1. Count the lysine pairs in the range 1-65 whose Cα atoms sit under 18 Å apart, keeping only pairs 8 or more residues apart in sequence or on different chains.
2. Under the definition of Cα pairs under 8 Å and six or more residues apart, what whole-number percent is the relative contact order of the chain?
3. Ranking Tyr109, Tyr96, Tyr34 by Cβ neighbours within 10 Å, fewest first, what do you get?
4. Normalised by the residues of the range 66-118, what does the relative contact order come to in percent, with Cα pairs under 8 Å and at least six apart?
5. Out of Gly104, Gln5, Ile47, whose Cα points farthest toward the positive end of the dipole of the chain (charges: +1 Lys, Arg; -1 Asp, Glu; placed on Cβ)?
6. Would you mind checking the range 88-103 for residues with the amide N under 11 Å from a putative spin-label position 7 Å along Cα→C-beta of Ile110?
7. Between the helical axis of 10-50 and the dominant principal axis of the chain, each derived from Cα atoms, what acute angle in degrees is found, rounded to the nearest 10?
8. Hull surface divided by four, with the convex hull built on the Cα atoms of the chain: how many nm²?
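Any read-out appearing in this document is the output of simple, stated calculations on the displayed coordinates, not a laboratory observation. Keep in mind the model is a prediction, meaning the values are calculated, not measured. Virtual Cβ from ideal backbone geometry, glycine too; neighbours counted across all protein chains shown.
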Amino acid sequence: MRKKQLGVGLGGLMMGSVIVIVVAMVGIKLLPSYIEFFAIKKAVNAIASEKAGGASVAEIRKSFDARSAIDDITSVRAADLEITKEGGQLVIAARYRKEVGLVGNVGVYIDFAAVSKE
């Protein structure tokens with residue numbers, strides 16, 4: 001008497017591989033956008049803590065320009081920053097939308113918001 005074989009068949013292995021490859025491709029396409037977002041968030045938080053004593057808007061924008069040149073930030077310019085004071089605390093916000101093309105004419109829009117108050 002022959003026992004029924006257990007395990008993954010060739011079809012299941014191929015389907016699983018296709019799913020893993022598609023997820024990896026999407027992740028590889030989206031990863032640079034998230035790396036840049038975290039660089040922007042780090043720069044905004046660092047500038048807000050440095051300039052908490054009281055700096056002009058022009059100084060804050062100049063500081064962001066310097067950091068964006070070092071960190072290779074291209075999605076947000078210093079003019080795009082929203083600089084306010086809430087309760088005596090300096091709040092710097094950068095909100096932007098990034099379009100990432102996936103395959104052909106299929107893409108993803110991602111809305112990012114880096115705020116120093118969080």
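1. Lysine pairs meeting the criterion: 5.
2. 24
3. Tyr109, Tyr34, Tyr96
4. 27 percent.
5. Gln5
6. 98-101
7. Result, in degrees: 10.
8. One quarter of the hull surface, i.e. the mean projection, equals 11.7 nm².
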